[in-house]
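First the structure, in the form of structure tokens, and then the observations on it.
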Amino acid sequence: MTDSRSLNTRRINWPIWAGFLLSVAALGSYPLFFAQFPVTRDFPWANLLIFAAAALLLAMGLRRAFSSHPRYRGKIIGPILTVASMAAMGFFVFLIFFASRRLPDSHGAPRVGQKAPDFTLPDINGKPVSLTDLLAQAQASASDKSEHPKVKHPKSVLLIFYRGYW
């Protein structure tokens, strides 16, 4: 036989709270953790997945709270936490995809077509390679047409800068 008190006891609606905590974790984890790694910094797929899981939990919690069965709590706090979570998601998406495009240009960076300053960096074997050495090799191969007169030899060096690190 069931106790009448246990039927009247309302349970905590844990999906609402878990969804809210997950959305707060997704918002804070990008600058504190995921921005350190190129695979999650360049496109924040991990945070978007966490936000999606939070949205799923919030939807489950709201469905529980507003179902015909009055067993679960959350009719008041559920919508409040859901709106706060959606605001956090919107704020994250705005910062990552829109506000980051408005960052100012670097005034010290060379422009397209501008001659690059000389530098020396290690290659994949750790051997130092300088821009002047590369340009000298390109000029030497361009002036040496005796080996293959019909082959076009490079006269310049193409520099490609990647954001991030290897």
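For first residues located in segment 119-143 and at pLDDT 85 or above, partners that are assigned to a loop (DSSP other than H, G, I, E, B) and loosely packed, with under 10 Cβ neighbours inside 10 Å and lie 6+ apart or on another chain with Cβ distances below 6 Å form the pairs Val129/Asp123.
Do you know which residues across segment 62-72 are touching a helix residue (DSSP H, G or I) at 6+ places or on another chain (Cβ under 7 Å) and under 18 Å from Thr9 (Cβ atoms)?
From segment 62-72, those touching a helix residue (DSSP H, G or I) at 6+ places or on another chain (Cβ under 7 Å) are 62, 64-65, 72; that's our starting set.
Correct list: Arg64, Ala65, Tyr72.
Figure legend. Inter-residue proximity from segment 89-112: first residues under 29 Å from Leu159 (Cβ atoms), second residues surrounded by 11 or more Cβ atoms within 10 Å (Cβ to Cβ) and modelled with pLDDT under 90, beta-carbon distance below 8 Å, spacing 6+ or different chains. Indicated pairs: Pro110/Ala116.
The rows are residues; the columns are (1) modelled with pLDDT under 95; (2) closer than 30 Å to Ser67 by Cβ.
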residue	(1), (2)
Arg10	yes, yes
Asn13	yes, yes
Phe20	no, yes
Ala25	no, yes
Pro31	yes, no
Phe34	yes, no
Leu49	no, yes
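If you take the residues of segment 40-84 that are in contact (Cβ under 8 Å) with a residue 60 or more places away in the chain and among the basic types (Lys, Arg), which of them is most open to solvent (accessible area, probe 1.4 Å)?
Arg73
Filtering segment 65-90 to residues that are part of a loop (DSSP other than H, G, I, E, B) and either among the basic types (Lys, Arg) or under 23 Å from Ala25 (Cα atoms) (or both) leaves Arg71, Arg73, Gly74, Lys75, Ile76.
Go through segment 113-137 residue by residue and tally those that are under 15 Å from Ser156 (Cβ atoms) and aliphatic (A, V, I, L, M). Qualifying residue count for the region: 5. Here Gly164 meets the list (1) surrounded by 10 or more Cβ atoms within 10 Å (Cβ to Cβ); (2) at pLDDT below 75; (3) within 25 Å of the chain's Cα centre (by Cα) almost entirely, failing just condition (1).
The values are calculated or read from the model by the stated rules, or taken from the named source; none is laboratory data. On a predicted model such as this, the values are computed, not experimentally measured, just so you know. Glycine also receives a Cβ, built like all others from the backbone with ideal geometry; neighbour counts cover every protein chain displayed. Please note that ligands, DNA and RNA were not included when accessible areas were found on the heavy atoms of the full protein model with its side chains. Shrake-Rupley method; radii C 1.70, N 1.55, O 1.52, S 1.80 Å.
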